[in-house]
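Data block below; observations after.
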Amino acid sequence: MQFFLINALDCLVISLFLYLLVALRDHIRRGGLSYPPGPPSRPIIGNLLDVPKYAPWIAYTDMSKKYGGVICLRIFSQVVIVLCSVSALKDLLEKRGEIYSERPSLPIAEMFDMNWPIFMTGMTETCREGRKLLDRGLRPGEMIPYRQMMQEKTREFLAQLYSTPKDFLAHIELLQGKLIMSLAYGYDVKDGDKILEAPVQASKIMTPLVVPGAVLVNYLPFLRYIPSWVPYFSYEPLAQIVRKLSERIKNEPIDFVKRALHNGTAVHSLASEHLQELEGLVGSKRQKQEEVVSVAMGSIYHAGSDTTTSAMHSLFLALVLFPHVQRRAQAELDVVIGRDRLPTFDDRPRLPYIEALCKELMRWQMVTPIGLPHSSSKDDVYRGFFIPKGSIMVANAWTILHDPEEYPDPEDFKPERFLDEDGSVRDDPTLSFVFGVGKRICPGRHFVDATIFIVTSSVLSVFNVTKAKDESGNEIPVKAAVALDGGVVVHPKKFECCILPRDKVAEDLISANALS
Ligand code: HEM
């Protein structure tokens, strides 16, 4: 017993000594400067208890009212800087992009073999080359050859909505899976295709685990060594599941393209295009480039599914909650396109209200309100405050895009915000924050933009989306609320709605296009 007490006392003294040593080293490193303002931190754990687990974008907005646009939190020794103002986001993540474009290396991602997708890695050579490949392949002009495919898949979606409207969320998920798989791999997804399971399941597990402050092992990496037989505390059982999913995401679809190229059956896709460019390369050089293609495609297959599904889910929510928006959009479609055909991409310039509606959709119920964390590769000083190398940078775009000064009644869905007085579309550069900032900005943004346009205009031209009714004929109330079990990607809480063809003309149009 005495032996145990002496050891405990020793431990306490050593811990205190180490703590003071770290504090002194930290003070010297800062050269007398202080960290940006933030809630007072406690000894050792820092702000661990202040880091919001649910809806962090709201808690950070409240903090920014007290501490300003640059907030500092500390989780053990990890510094987390939350950016809540346009100037801070641009100054650091854009103008000082050389310093702030890394990603935090998360032990949880390493343990789960999920540290290979581009959105999880720092600026490694594979990441840089993969990004180049995506930036080139996903430019607005490069989207044109995929328009026909997008229109066709959207028409299949309309037919599914018509036959089983209650399953609208499952139809959205399938549509998004079809679009991404066609774009990335030229793979034609069929109903019930198992290929879509892996990214959806992996995303459900991983996105809550990468939120800054959500998982202790990211700050106390030794926790990864807790053996698998320790119940509740070991990450190993979950890790085993995710490792298998990771392997499937990276290899299953790219192997399909390689086989198709070999058999001469490959359809035009980002993967087939890039793999064909490697012709002539052999040995390790070829292997390396194939790895880049496989990482880049696996990244969009993973990053693109859940995110756009959430935006489309929110579209139906907005239509239910704001019927006057639906009526005005339909009036525009009827005048510009008429009732005898479905919209196409060529109609887009003549549909300013629909365009404004798509913009408002991205702002209103943001898919990634705190973006994906960046990290810093050098010590830096900003507005007189010290930001150490290795800080986790959180771009809280939600605060900016829900600022009532800039977007009055921010919780209301008002496409008019994005229209000038003469009815033309108003450009709002701040809106691009929904896709992040700087070198790591989402490369899929032009594909998302095209998807949201074609889906929104097509759905509105043939359907009325209203509140569902219960057995007694009373409307089932719906609220604009997000499911708080999410992580960096958030989804609307599930809701019911009634999706019916606008009339017989619309019904005929859906059937005719489903058959063509
Ligand atoms: C509504 C849909 C989407 C939203 C809101 C969204 C948003 C974002 C955000 C905020 C980031 C992090 C940017 C940063 O760190 O500054 C990101 C990264 C990324 N997104 Fe998207 N995204 C969407 C859909 C897509 C789609 C459809 C694709 C693929 C076609 C895609 C591919 C990626 C990739 C590969 C990255 C990682 C980029 C990097 O780390 O360099 N995203 N996205």
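Structural remarks
- The single residue among E496, E411, E416, E475 that is in contact with a strand residue (DSSP E or B) (Cβ under 7 Å, 6 or more places away or on another chain) and of a type in the set (D, E, K, R) turns out to be E475.
- Per the listing G177, G186, G192, G141, the residue uniquely small (G, A, S), modelled with pLDDT under 95, within 16 Å of the ligand (Cβ to nearest atom) and over 21 Å from the mean Cα position of the chain (by Cα) is G141.
- Restricting the range 253-286 to residues that are open to solvent by 70 Å² or more (accessible area, probe 1.4 Å) and touching a residue at least 24 places away in the same chain (Cβ under 8 Å), the residue that is nearest to T126 (Cα to Cα) is H268.
- Unmet requirement for E156, which otherwise passes all of (1) open to solvent by less than 20 Å² (accessible area, probe 1.4 Å); (2) more than 19 Å from A296 (Cα to Cα): (1)
- Which listed residue is away from the ligand (no atom under 12 Å from the Cβ) and open to solvent by 20 Å² or more (accessible area, probe 1.4 Å), from D449, D470: D470
- Of all residues in the range 503-513, none are surrounded by 15 or more Cβ atoms within 10 Å (Cβ to Cβ) and either under 25 Å from V210 (Cα atoms) or within 28 Å of the chain's Cα centre (by Cα) (or both).
- Number of the exception - I44 against (1) at positive phi; (2) buried (at least 20 other Cβ atoms within 10 Å of the Cβ): (2)
- Test: residue in the range 39-58 that is in contact with a helix residue (DSSP H, G or I) (Cβ under 8 Å, 6 or more places away or on another chain), closer than 30 Å to P117 by Cα and outside any helix (DSSP H, G or I): yes
- Restricting the range 420-446 to residues that are under 26 Å from L92 (Cα atoms) and exposed (fewer than 14 other Cβ atoms within 10 Å of the Cβ), the residue that is farthest from the ligand (Cβ to nearest atom) is D427.
- As for the range 183-196, it holds at least one residue that is open to solvent by less than 70 Å² (accessible area, probe 1.4 Å), of a type in the set (G, A, S), in contact (Cβ under 8 Å) with a residue 24 or more places away in the chain and in a helix (DSSP H, G or I).
- When the range 475-494 is limited to residues that are more than 16 Å from the ligand (Cβ to nearest atom) and modelled with pLDDT of 90 or more, the one that is least open to solvent (accessible area, probe 1.4 Å) turns out to be V478.
- Listed here are the helices (runs of 4 or more DSSP H) enclosed by the range 319-404 that have at least 2 residues being in contact (Cβ under 8 Å) with a residue 60 or more places away in the chain and under 24 Å from T61 (Cβ atoms): 352-364, 397-401.
- Lone unmet requirement of (1) surrounded by fewer than 24 Cβ atoms within 10 Å (Cβ to Cβ); (2) within 14 Å of the ligand (Cβ to nearest atom); (3) of a type in the set (G, A, S) for G390: (2)
- Criterion: crowded, with 21+ Cβ neighbours inside 10 Å, among the polar types (S, T, N, Q) and out of contact with any Asp or Glu (no Cβ under 8 Å at 6 or more places or on another chain) - qualifying residue of T344, T368: T368
Every residue, every condition in (1) closer than 22 Å to G97 by Cα; (2) at pLDDT 95 or above; (3) within 12 Å of the ligand (Cβ to nearest atom), yes or no:
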residue	(1), (2), (3)
G122	yes, no, yes
K132	yes, yes, yes
K153	no, yes, no
E156	no, yes, no
K166	no, yes, no
L169	no, yes, no
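The values are calculated or read from the model by the stated rules, or taken from the named source; none is laboratory data. Only a predicted model underlies this, so the values are computations on that prediction, with no experimental measurement involved. Note that each Cβ is placed from the backbone with ideal geometry, even for glycine, and that neighbours are counted across all protein chains shown. Just the protein is used for accessible areas: all its heavy atoms, side chains included, with ligands, DNA and RNA removed. Shrake-Rupley method; radii C 1.70, N 1.55, O 1.52, S 1.80 Å.
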